[in-house]
Amino acid sequence: MSDRVTVIGWDGSPLTTAATAALSAATLVAGAGHHLALPEVPVGAERIRLGSVDLAARRIAGHRGSAVVLADGDPGFFGVVRSLRAPEHGLEVEVVPAVSSVATAFARAGMPWDDAQVVVAHPRTLRRAVNVCRAHHKVAVLTSPGAGPAELALLMEGVHRTFVICEELGTARERVTVLTSDKTADHAWRDPNVVIVIGSGPETTATGAWIAGRRPTGVPGTRGWALPAGCYGPRAGAPGEGESPGLRAAQLARLGPRTGDLVWDIGSGSGAFAVEAAGFGAAVLAVDDDPDACARTAAAARTCQVALQVVQGRAPHVLERLPEPDVVRIGGGGVPVVTAVAERRPERVVTHAANRDEAEALGAALGENGYAVECVLLQSVALDTSAWTERERSVVFLLSAVRSDLAP
């Protein structure tokens, strides 16, 4: 094993005294091409071009002497430190940090970033990174080849965002470009780059904020979720069929929307479900063929300060042009809509029925399309506590389905 492993962050500024001392004593240096070209790298040191970190870690583990790994930005923030410290390599490292590329990107843009989400985009995680950009006002994306600004923009079709693209930060070729998302795919971008994605909504960190990232969501001034529809703004009105708070709570619990997910809410109605799913950090497409329902949903999103996209159109036909969902709530449309949703293979689906015959038909459609289905009869009775008399009653069949390959 190497006698000593030092990880040095590099942000384009002159190396610190500690970094220079570690490099001067190194017998092995690993890094990208521009790192290995630094004049401080000893002439006689073994050099490893850093492609696969795991492969480099194995080389370092077998080296006798002092090893240095050079990395852009802060190597402890989505960087090589985690991989080098993995148990299979057994490496103990010392870290000389630098300013992270994310911090540098926001500095170049002249923007605060305590309210920003930070995501890494690889080809395998690109869709989830896009969903975070859909759902949040301010996101920094650490890109990679095949998952860069152009690919982000193409997957965000129909969602207006501003992109601040920071290429080759800290080098003589550094460039910062500001474009709208619909123009970004028309250009070629140099790696490495960081993309700051800015939405059209309000800033989400107020003065006196105490936690980094997106503030806790929900109806301003109200604690809790699965609230009456009237809590979501003056336009919400009375809930429609299948929109009782109890049913909504059960649907949210079974779908489990989370950051990185894309939720389809088909038949958004009052907008309460769409807003609450967005409040959990998911990206939401709220679909309804009723213009008034679309307007209510958009108004509820503004009231609750969450980002979601409203799509007017009739299911199942409108679903053909929507991006792939992770979880879906179906508020109506019967077997044709359920079948169309199942063909898109989301992880989970919830829907409801007013009677047993309808529930059996919906459950059969889900089962025939590769889903494990559960059905429960939910009954709730709201009481007037001044007289302890019944005020409102709701009875509904709740169907929840999990894709068979994911079912326990």
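The values are calculated or read from the model by the stated rules, or taken from the named source; none is laboratory data. As the structure is a computational prediction, the values presented were derived from the model and not from experiment. In this analysis, Cβ positions are derived from the backbone assuming ideal geometry, glycine residues included, and neighbour counts consider all displayed protein chains. Surface accessibility is based on the protein's heavy atoms, side chains included, excluding ligands, DNA and RNA. Shrake-Rupley method; radii C 1.70, N 1.55, O 1.52, S 1.80 Å.
For residues that are open to solvent by less than 50 Å² (accessible area, probe 1.4 Å) and touching a residue at least 40 places away in the same chain (Cβ under 8 Å), tally how many sit in region 11-41. Can you show your working first?
First, the residues of region 11-41 that are open to solvent by less than 50 Å² (accessible area, probe 1.4 Å): 11-12, 15, 19, 22-23, 26, 28-33, 35-36, 38, 41.
Next, from what is left, pick out any that are touching a residue at least 40 places away in the same chain (Cβ under 8 Å): 11-12, 19, 22-23, 26, 28-32.
So the answer is 11.
Would you be able to say whether some residue in region 276-287 is under 23 Å from residue 361 (Cα atoms) and in contact (Cβ under 8 Å) with a residue 12 or more places away in the chain? The answer is yes, given that some residue of region 276-287 is under 23 Å from residue 361 (Cα atoms) and in contact (Cβ under 8 Å) with a residue 12 or more places away in the chain. Within region 238-280, the only residue that satisfies the criterion of being outside any helix (DSSP H, G or I) and basic (Lys, Arg) is 258. When each of 73, 79, 110 is tested for being surrounded by fewer than 19 Cβ atoms within 10 Å (Cβ to Cβ) and not β-branched (Val, Ile, Thr), the lone residue that passes is 110.
Evaluating residue 295 against the criteria (1) more than 24 Å from residue 373 (Cβ to Cβ); (2) touching a Pro at 6+ places or on another chain (Cβ under 9 Å); (3) touching a residue at least 60 places away in the same chain (Cβ under 8 Å) leaves one unmet condition, (2).
Just one of the listed residues (272, 301, 283, 293) is buried (at least 18 other Cβ atoms within 10 Å of the Cβ), within 16 Å of the chain's Cα centre (by Cα) and either closer than 17 Å to residue 349 by Cβ or of a type outside the set (Lys, Arg) (or both), and it is 283.
Tell me, please, whether a residue that is of a type in the set (S, T, N, Q) and either under 30 Å from residue 26 (Cα atoms) or within 15 Å of the chain's Cα centre (by Cα) (or both) can be found in region 94-102. Outline the logic, then answer.
At the first step, the residues of region 94-102 found to be of a type in the set (S, T, N, Q) are 100-101.
Those still in the list that are either under 30 Å from residue 26 (Cα atoms) or within 15 Å of the chain's Cα centre (by Cα) (or both) too: 100-101.
There is at least one residue in region 94-102 that is of a type in the set (S, T, N, Q) and either under 30 Å from residue 26 (Cα atoms) or within 15 Å of the chain's Cα centre (by Cα) (or both).
Which of the residues spanning region 48-70 are under 24 Å from residue 192 (Cα atoms) and surrounded by fewer than 16 Cβ atoms within 10 Å (Cβ to Cβ)? I'd like the intermediate steps shown before the answer.
Here is the first cut: in region 48-70, the residues under 24 Å from residue 192 (Cα atoms) are 48-57, 68-70.
If the condition is that a residue be under 24 Å from residue 192 (Cα atoms) and surrounded by fewer than 16 Cβ atoms within 10 Å (Cβ to Cβ), then 49, 51, 52, 54, 55 are the ones that fit.
Can you name every one of the strands (runs of 3 or more DSSP E) wholly within region 308-408 that holds 1 or more residues which are free of Cβ contacts under 8 Å to residues at least 40 places away in the same chain, of a type outside the set (D, E, K, R) and open to solvent by 70 Å² or more (accessible area, probe 1.4 Å)? Outline the logic, then answer.
Numbers: elements: 309-312, 327-330, 348-353, 371-384, 389-403.
The strands (runs of 3 or more DSSP E) meeting that bar are 309-312, 371-384, 389-403.
Here residue 90 passes the criteria (1) more than 29 Å from the chain's Cα centre (by Cα); (2) small (Gly, Ala, Ser); (3) at negative phi except the one numbered (3).
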